[in-house]
Structures are given as structure tokens and as C-alpha cells.
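These notes are about the structure you will find just below.
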Amino acid sequence: MEVSTNKPATSAVKTYEPTKTESKTGSQTVAEAVAKHNQPTDKLEISDAAQEKQDHGNATDSVVGKGFADFDMDAFQGSIRSTLMQSINEAKKALMDAGVGFAKYNENSILYDLSELEKSGEVKAAEVPEYWNAENTSQRIVDFAMSFRGLAPELSDEEYIEQVRAAVEEGYRLAKKSIGDLPGPSAKLFNDTYSLTMSKFDEILAKLQKGSAE
């Protein structure tokens, strides 16, 4: 995707608001969902320096330090990895002793190859507490990524999303490398979470592009 380095950042992403999750009791925020299901809050940790910049960015649109050049990308990718590992391990530990077929780790792809397991039937994603399912985990990752938009006023919306999308992809690679082989249902949960995360980035970008064209 070709982007302009001179296009000013629009306010559409700067004011991005996290999507509310849907549960059996209706619409509620992620925080409420955590309380209802008594799930641990997987706070996405970042370095103190990056947190200070984020807090500053939430209060003002002014450039902080060197803008996005100062962004702690290693901490960001590590946070994505940590969140994914918590979600997938919830599924993995429940299936390891159940004789479920495993999808082998392949470092050449972000996704797990389920083709062999699917020959004997459809592989369904592992059932996990609602907080850790593919929809909610992917939404928390995207919300976290977009929360830093104010740190990069020098980037266009397209440029910012392109950079954080690449960072999130690297977070998935790190998580997969740490997790290794997975039971088929857990691997399907990982794949579904990745696909939903990328789709959510596409949706945000499509809305921004539609808004700028109107």
C-alpha cells in the first residue's frame, strides 16, 4: 500500500474508542466482561518510558519526544506475545492429555497448518472462557495498538496502521515460536485470533478511507 509521508494525521484514529464486547447478558465493556467471568486482566505491559509517552499523548496532540520514532516497539511486540500466550495456553493445557492431534510448529508462517488434521474432519477452535476467545482477544490487541495513535501525529493514518499492524504480526510470530506445537483446536484458536485481528485493522482503515473520500 502506497502512503503519503506528508498527509497529516486525522483525528479519526486519534479519537479511536475500544469496541464493546458482546456477552450473554448483552453489550458490556471488556472490563465488565472480566469482572463477570472472573478472568484475570491481561494488562498489556509496556515500558515506563512508553507509558509516559502514551499518557502524555492522551492529554494532548503535541509531539512527544521524537514522536513515533521514540515508540518502544520491543515492549509493544512483547505485550502482544504475552497476551496471545495467555489465551492459547488456556486452551492448550486442557487438551494436551486428551489425545488430540497436534499441529506442528512451522517458523515460515504465522499461522498453524491444520490441513493434515482437517483430513479426518473439521477442526474447531478450542472452547475457552469468553474473555480469551478469538473475538475478544483480537479486539483487545487492536484497541491496545490503536491507543498509541496520539504518539505519531507525524504519520498519516495509513502509515500508522501499517506500522502497528507489522508490529502485531511480529508479536504473533514471537508467541507462536514460544508456544511451539499445539493441539489442533488450540492452533485453530490461534489462527482465528490472528485472522480477526488483521480483519479489524482492515475495517478501521476502510472506515478512515471512506471518511476521507466523502
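The values are calculated or read from the model by the stated rules, or taken from the named source; none is laboratory data. All values reported here derive from a predicted model rather than from experimental measurement. Note: ideal-geometry Cβ built from the backbone for every residue, glycine included; neighbour counts use all protein chains shown. Note: accessible area is taken over every heavy atom of the protein model, side chains too, but ligands, DNA and RNA are not part of it. Shrake-Rupley method; radii C 1.70, N 1.55, O 1.52, S 1.80 Å.
Here are the numbers for the structure shown:
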quantity	calculated
Residue-count net charge about E122 - beta-carbon cut-off 14 Å; Lys, Arg +1, Asp, Glu -1	0
Cross-link pairs K176/K207; K177/K200; K92/K177; K93/K176; K104/K176; K92/K188 - those with Cα-Cα distance over 21 Å	K176/K207; K177/K200
Accessible area per residue, Å², region 71-151 with all protein chains present, probe 1.4 Å	49 Å²
Within region 88-148, GluC sites (Glu not before Pro) in DSSP loop having at most 15 other beta-carbon neighbours inside 10 Å	E107, E122, E127
Computed over region 101-210: relative contact order in percent, which uses C-alpha pairs under 8 Å that are six or more apart	49 percent
Virtual spin-label span in nm between K210 and E154, 7 Å along Cα→Cβ	3.3 nm
Pair Y105, A75: separation of 7 Å Cα→Cβ label points (nm)	2.7 nm
